[in-house]
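Undergrad: First the structure, then my questions, so here it is.
The values are calculated or read from the model by the stated rules, or taken from the named source; none is laboratory data. Remember, it's a predicted structure, so these values are computed and weren't measured experimentally. Every residue, glycine as well, gets a Cβ built from its backbone with ideal geometry; the counts of neighbours run over all protein chains shown. Surface accessibility is based on the protein's heavy atoms, side chains included, excluding ligands, DNA and RNA. Shrake-Rupley method; radii C 1.70, N 1.55, O 1.52, S 1.80 Å.
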Amino acid sequence: MPTSEAPAGAEDAPPFHATVAAVSEADLHASWHAGCPVAPADLRSVTLTRWTGGGAASGTLVVAAAVADDVVGVMQALYEARFPIAGMEPVEAFGGDDDASMAANNTSAFNCRAVTGGSSWSEHSYGRAIDLNPLVNPYVLGSTVLPAGGAAYADRTLQAPGMIHDGDAVVRAFAARGWVWGGTWSSPKDYQHFSTTGR
């Protein structure tokens with residue numbers, strides 16, 4: 001019998017499944033353009049099983065080909081831990097608009113864009129960073145909180161579904177594969193952000 005602590009549907013959830021496929025320029029459309037630091041041929045679409053909090057659903061991340069296996073391993077660990085991921089669509093679904101993706105609490109990876117508040121390429125432009133549940137794990141720099149709707153979640157003492165906390169299953173799963181959490185940065189604090197480079 002399920003315990004009272006088990007999430008609804010957790011006991012009879014389907015097994016984790018993932019597929020990795022090539023992507024084309026047409027697939028990426030708004031999230032890629034000529035001059036980006038990676039070619040579409042160097043990216044992969046990873047479609048996988050995620051836990052929503054109430055059951056299993058499919059999700060897709062576009063990542064660098066070199067990290068696709070790492071991403072599958074991390075996401076399998078999160079699914080098995082029943083960590084809820086609200087949504088997971090490529091940023092292309094939001095017209096390449098990172099603000100819109102964050103506001104929708106959408107977990108995403110590749111997006112050819114500059115770093116927040118800067119002009120150099122973001123690690124997302126290389127497909128080697130993931131933003132996880134950004135509404136409840138916002139980017140915080142002084143009084144600036146992105147997305148703005150996530151302002152209440154700048155208080156990291158909260159325990160809301162989908163929040164990431166130091167040492168939890170999410171941080172451990174990424175760290176086991178050498179990824180660094182933006183929640184460990186001194187300033188800004190980027191609680192949604194994991195990358196292979198620590199940037």
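Undergrad: Within the stretch 133-172, how many residues turn out to be within 15 Å of HIS193 (Cβ to Cβ), among the small types (Gly, Ala, Ser) and in contact with a Leu (Cβ under 9 Å, 6 or more places away or on another chain)?
TA: Counting residues in the stretch 133-172 that are within 15 Å of HIS193 (Cβ to Cβ), among the small types (Gly, Ala, Ser) and in contact with a Leu (Cβ under 9 Å, 6 or more places away or on another chain) gives 2.
Undergrad: Could you go through the stretch 171-189 and let me know if any residue there is touching an Asp or Glu at 6+ places or on another chain (Cβ under 9 Å), farther than 27 Å from ALA64 by Cβ and not aliphatic (A, V, I, L, M).
TA: Taking every residue of the stretch 171-189 in turn, none turns out to be touching an Asp or Glu at 6+ places or on another chain (Cβ under 9 Å), farther than 27 Å from ALA64 by Cβ and not aliphatic (A, V, I, L, M).
Undergrad: Evaluate the stretch 167-189: report whether one residue or more is among the hydroxyl-bearing types (Ser, Thr, Tyr), in contact (Cβ under 8 Å) with a residue 40 or more places away in the chain and open to solvent by less than 40 Å² (accessible area, probe 1.4 Å). Break it down into steps so the answer makes sense when it comes.
TA: Taking the stretch 167-189 and keeping what is among the hydroxyl-bearing types (Ser, Thr, Tyr), we get 184, 186-187.
The next check asks that each one be in contact (Cβ under 8 Å) with a residue 40 or more places away in the chain; those that pass are 187.
Checking the rest, the ones that are also open to solvent by less than 40 Å² (accessible area, probe 1.4 Å) come to none.
No: the stretch 167-189 contains no residue that is among the hydroxyl-bearing types (Ser, Thr, Tyr), in contact (Cβ under 8 Å) with a residue 40 or more places away in the chain and open to solvent by less than 40 Å² (accessible area, probe 1.4 Å).
Undergrad: Search the stretch 55-86 for residues being open to solvent by 50 Å² or more (accessible area, probe 1.4 Å) and on the phi < 0 side of the Ramachandran plot, and hand back the single one that is nearest to the chain's Cα centre (by Cα).
TA: Looking at residues that are open to solvent by 50 Å² or more (accessible area, probe 1.4 Å) and on the phi < 0 side of the Ramachandran plot, I get ALA86.
Undergrad: A follow-up question, please. Scan the stretch 99-122 for residues that are under 25 Å from TRP51 (Cβ atoms) and either open to solvent by 60 Å² or more (accessible area, probe 1.4 Å) or more than 12 Å from the chain's Cα centre (by Cα) (or both) and jot them down.
TA: Residues satisfying the conditions are ALA100, ALA103, ALA104.
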